[in-house]
Amino acid sequence: MKLSYKKLSVIILLVALIGTITYVTVNNTNKNKSALSKKMGLKAKPKQKVKSNKNDEQTIRTFKGINLIHNDKIIPTLMYHSVADGQANNSAVVPVDVFKQQMQYLKDNGYTTLSLDELHNFIQNNKPVPERSVVLTFDDGYEDSYTNVFPILKAFGFRGTVFVIPALTDKPGPYLNSKQLKEMDKNGMDIESHTVNHEKLGELSSEKQLDTLIQSKQMLETMLNKKIQYIAYPFGSYNNFTVAEAQKAGYTMAFTTNDGWAGKNTDILLLNRVFVNSLKGMDQYVERLNNPNYK
Ligand SMILES: [Zn+2]
């Protein structure tokens, strides 16, 4: 069969038309697909971003997708001390199995454990974080922060912060040594200050407060070769001078032992924390994680 030029040009035109229609349709479907996955939060995978500060290689994640909150909301910052067995009557010592159970609860319920850099960025710069965020802090730098807490957090892929008393480091006693601190610092745990010798800041003059605030910061910076920016006040003790002195010493965020969730509801140098009482059961733990006005 011989095609005339006329017929041939009609066929070419038809093929071109079908091609164009197919292209436009496929393209639109893809666009709808990506809009849908955005809507459903399917692209919520955190992006890793390395901080430019060369002394501080800790990563701050950028969270994407739905269910992000801004700093008009507050976040539970849990306060632990020791995680160990054999001290069943001490409310500040959480048995290892109970601690594992608590971490399992966080995992099963989709919690994200924030680093202190991430909490700071959330409060100060309004950088959004997942709705179910929690911060894990461990006061005093007991050796079980290395032997018990560290491996459990690692297994769950969680982040935690240890507030260390540098005068007790490498001394006899149940405290972390500098080798352990360095290893934890290099492997996702955040090491921060708890004053030089666990002083009650609220009972010190402003000069003495500044001394221990600066010295503890410098001792840890020398040991870990990183910037120390955060502190927990021992015994939760502070007075009218403390915020100004902490600021002068170079801290950008600090924690008390005042009950409640943390955020813009207080000064950033007087953040609340949620006490994890080992004598109370899982019910209280869950309530404190879910109710910002917990009793
Ligand atoms: Zn303490």
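The values are calculated or read from the model by the stated rules, or taken from the named source; none is laboratory data. None of these values were measured; they are calculated from a predicted model. Don't worry about glycine lacking a Cβ; one is built from the backbone with ideal geometry, like all the others, and counts go over all protein chains shown.
Structure data summary
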read-out: Identity of the residue in region 239-295, closer than 30 Å to Ser206 by Cβ and small (Gly, Ala, Ser), that ends up farthest from the chain's Cα centre (by Cα); value: Ala244
read-out: Some residue of region 156-173 being away from the ligand (no atom under 16 Å from the Cβ), modelled with pLDDT of 95 or more and not in a loop (DSSP other than H, G, I, E, B); value: yes
read-out: Count - residues of region 115-155 that are away from the ligand (no atom under 16 Å from the Cβ) and part of a loop (DSSP other than H, G, I, E, B); value: 6
read-out: Checklist (1) on the phi > 0 side of the Ramachandran plot; (2) touching a residue at least 60 places away in the same chain (Cβ under 8 Å); (3) within 16 Å of the ligand (Cβ to nearest atom) applied to Tyr230, failing item; value: (1)
read-out: Lys208 vs. criteria without any contact (Cβ under 8 Å) to a residue 24 or more places away in the chain and part of a loop (DSSP other than H, G, I, E, B); value: no
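Listed here are the residues, each with its yes/no results for (1) among the aromatic types (Phe, Trp, Tyr); (2) closer than 22 Å to Val274 by Cβ; (3) crowded, with 16+ Cβ neighbours inside 10 Å; (4) touching a strand residue (DSSP E or B) at 6+ places or on another chain (Cβ under 8 Å).
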{"position": "Val149", "(1), (2), (3), (4)": "no, yes, yes, yes"}
{"position": "Asn177", "(1), (2), (3), (4)": "no, no, no, no"}
{"position": "Glu192", "(1), (2), (3), (4)": "no, yes, yes, yes"}
{"position": "Glu199", "(1), (2), (3), (4)": "no, no, yes, no"}
{"position": "Leu210", "(1), (2), (3), (4)": "no, no, yes, no"}
{"position": "Asn225", "(1), (2), (3), (4)": "no, no, no, no"}
{"position": "Tyr230", "(1), (2), (3), (4)": "yes, yes, yes, yes"}
{"position": "Tyr251", "(1), (2), (3), (4)": "yes, yes, yes, yes"}
{"position": "Gly260", "(1), (2), (3), (4)": "no, yes, yes, yes"}
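For every residue, the table says whether it meets (1) in a loop (DSSP other than H, G, I, E, B); (2) at positive phi; (3) out of contact with any helix residue (DSSP H, G or I) (no Cβ under 8 Å at 6 or more places or on another chain).
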site	(1), (2), (3)
Ile66	yes, no, no
Asp72	yes, no, yes
Met79	no, no, yes
Ala88	yes, no, yes
Ser91	yes, no, yes
Asp97	no, no, yes
Met103	no, no, no
Gly110	yes, yes, yes
